[in-house]
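K.L.:
Please find one structure pasted underneath; my questions will follow.
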Amino acid sequence: QLGDDLLLGRALLSSAWAARLQGQLDLAIGYYQQAFGLTIRPGIPHDEAQARRATALNGMAYIYAIQGKKSRTAVDSLKQAIDIRQGLGESGRFALGQSYTTAGEIHINLEQPQEALKYLALADDLFAELGSRGAQSGSRASKQHNQWIAKIASARGRAYRDLSEETADGAERRAYLQRAET
């Protein structure tokens with residue numbers, strides 16, 4: 001109603017997140033697509049448009065993967081989000097870590113645990129770097145940082161569990177399960 005595309009884009013991304021949490025995945029995809037579409041309108045600052053594009057692509061990729069459909073689209077969307085976030089430099093570092101974590105989760109859902117572990121290692125390294133430099137300050141930022149670290153650990157555990165199920169060697173299976181527990 002205010003005619004402000006920046007506010008509308010933010011509201012659509014929030015609505016997509018809420019729909020996703022409620023399990024209304026098709027509705028969430030629609031919101032992400034609308035938010036993405038707003039980023040091409042004139043008047044949206046370039047970096048802001050890029051950041052929102054990446055957020056929408058990241059969200060759509062995750063939903064496609066957990067729905068078990070459009071796996072190629074999920075991977076392509078995620079690669080685009082990562083490319084965008086890499087191009088944002090320092091301002092996009094935290095979001096890049098989120099994309100790497102999402103990539104790990106997507107590859108777990110696509111039954112590619114080795115690929116998942118590669119992305120989760122990138123995310124872990126990036127969040128460790130951000131934490132050691134003090135890039136995240138304040139209790140809210142610290143809490144969010146810790147939530148992503150926990151998400152990485154959880155996804156890594158699932159990847160190792162999946163690897164244990166893929167191997168026929170008993171010792172290797174136990175080693176993967178021990179890593180999953182850790």
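The values are calculated or read from the model by the stated rules, or taken from the named source; none is laboratory data. All of these numbers come straight from a predicted model, not from anything done at the bench. Reconstructed Cβ throughout: ideal geometry from the backbone, glycine too, with neighbour counts over all protein chains shown. The area values use the complete protein model at the heavy-atom level, side chains included, leaving out ligands, DNA and RNA. Shrake-Rupley method; radii C 1.70, N 1.55, O 1.52, S 1.80 Å.
K.L.:
If I fit a long axis through the Cα atoms of helix 46-67 and take the longest principal axis of the Cα atoms of the chain, what angle between them do I get, 0 to 90°, rounded to 10?
P.N.:
The two axes meet at around 50 degrees.
K.L.:
Let me ask something else about it. Can you give me the % of accessible surface on the stretch 36-110 that is carbon or sulfur? Probe 1.4 Å, all protein chains present, nothing else counted. Before the final figure, lay out the partial values.
P.N.:
On the way: 1540 of 3150 Å².
Answer for the stretch 36-110 is 49 percent, counting heavy atoms of protein chains only.
K.L.:
Round to the nearest 10 and give me the degree value, 0 to 90, for the angle of helix 25-38's Cα axis relative to the longest principal axis of the chain.
P.N.:
50 degrees
K.L.:
Right, something else. From the phi of every residue in the stretch 15-22, what ³J(HN,Hα) in whole Hz does the Karplus formula 6.51 cos²θ - 1.76 cosθ + 1.60 yield, where θ is phi - 60° and glycine or proline is x?
P.N.:
So the Karplus estimates, Gly and Pro as x, are 5, 4, 4, 5, 4, 4, 5, 7 Hz.
K.L.:
Per residue, how much accessible surface does the chain expose to a 1.4 Å probe? Answer in Å², no decimals.
P.N.:
It amounts to 55 Å² per residue over the chain.
K.L.:
Mind grabbing the accessible area of Thr182 for me, 1.4 Å probe, Å², rounded to tens?
P.N.:
Approximately 140 Å² for this residue.
K.L.:
Cβ under 11 Å from Glu172's Cβ, Glu172 left aside: what net charge do those residues give with Lys, Arg +1 and Asp, Glu -1?
P.N.:
After counting each charged neighbour, the total is +1.
K.L.:
So which GluC sites (Glu not before Pro) in the stretch 64-119 are both in a DSSP loop and have at most 16 other Cβ atoms within 10 Å of their Cβ?
P.N.:
Here the sparse-neighbourhood loop sites are Glu111.
K.L.:
Per-residue HN-Hα couplings for the stretch 99-108, Karplus 6.51 cos²θ - 1.76 cosθ + 1.60 at θ = phi - 60°, whole Hz, x for Gly and Pro?
P.N.:
Running phi through 6.51 cos²θ - 1.76 cosθ + 1.60 with θ = phi - 60° gives 5, 4, 5, 4, 4, x, 5, 5, 5, 5 Hz.
K.L.:
While we're on this one: Residues with beta-carbon under 12 Å from that of Asp5, excluding Asp5: net charge, scoring Lys, Arg +1 and Asp, Glu -1?
P.N.:
Values: positive: Arg10, Arg41, Arg52; negative: Asp4, Glu48.
So the surrounding residues net to +1.
K.L.:
When the Cα centres of the stretch 20-58 and the stretch 73-101 are compared, how far apart do they sit, in Å?
P.N.:
With the stretch 20-58 and the stretch 73-101 each reduced to a Cα centre, they are spaced 14 Å.
K.L.:
Considering only Ser99, Ser91, Ser71, give the residue with the highest GNM mean-square fluctuation for the chain, with springs between Cα atoms whenever their separation is below 10 Å.
P.N.:
Ranking Ser99, Ser91, Ser71 by mean-square fluctuation puts Ser91 first.
K.L.:
If you bin every alpha carbon distance in the chain into 5 Å steps from zero, what whole percent lands in each bin?
P.N.:
Once binned at 5 Å, the Cα pair distances of the chain give 1, 9, 15, 17, 20, 16, 11, 6, 3, 1, 1, 0, 0.
K.L.:
Find the relative contact order for the chain and round it to a whole percent, using C-alpha pairs within less than 8 Å whose residues are 6+ positions apart.
P.N.:
Across the chain, relative contact order equals 13 percent.
K.L.:
Report, ordered by chain and residue number, the aspartates and glutamates lying within cross-link reach of Lys69, taken as a straight Cα distance under 14 Å and ignoring same-chain residues fewer than 8 apart.
P.N.:
Here the aspartates and glutamates satisfying the reach criterion relative to Lys69 are Asp26, Glu111.
K.L.:
Let me ask you something else. With all protein chains present, calculate the accessible area of Arg161 using a 1.4 Å probe and round the result to the nearest 10 Å².
P.N.:
100 Å²
K.L.:
Let me ask something additional. For the stretch 145-151, in order, what is each residue's ³J(HN,Hα) by Karplus, 6.51 cos²θ - 1.76 cosθ + 1.60 with θ = phi - 60°, in whole Hz (x at glycine and Pro)?
P.N.:
For the stretch 145-151, the Karplus-derived couplings read 4, 5, 4, 5, 4, 5, 5 Hz, x marking Gly and Pro.
K.L.:
Still on this structure, please answer the following. Over the chain, with a Gaussian network built from C-alpha contacts below 10 Å, which listed residue (Ala74, Ala168, Ala54) shows the highest mean-square fluctuation?
P.N.:
Between Ala74, Ala168, Ala54, it is Ala168 that shows the largest mean-square fluctuation.
K.L.:
Only Cα pairs within less than 10 Å get springs; with that Gaussian network setup on the chain, which residue of Leu21, Leu126, Leu117 has the largest fluctuation?
P.N.:
Largest GNM mean-square fluctuation: Leu21.
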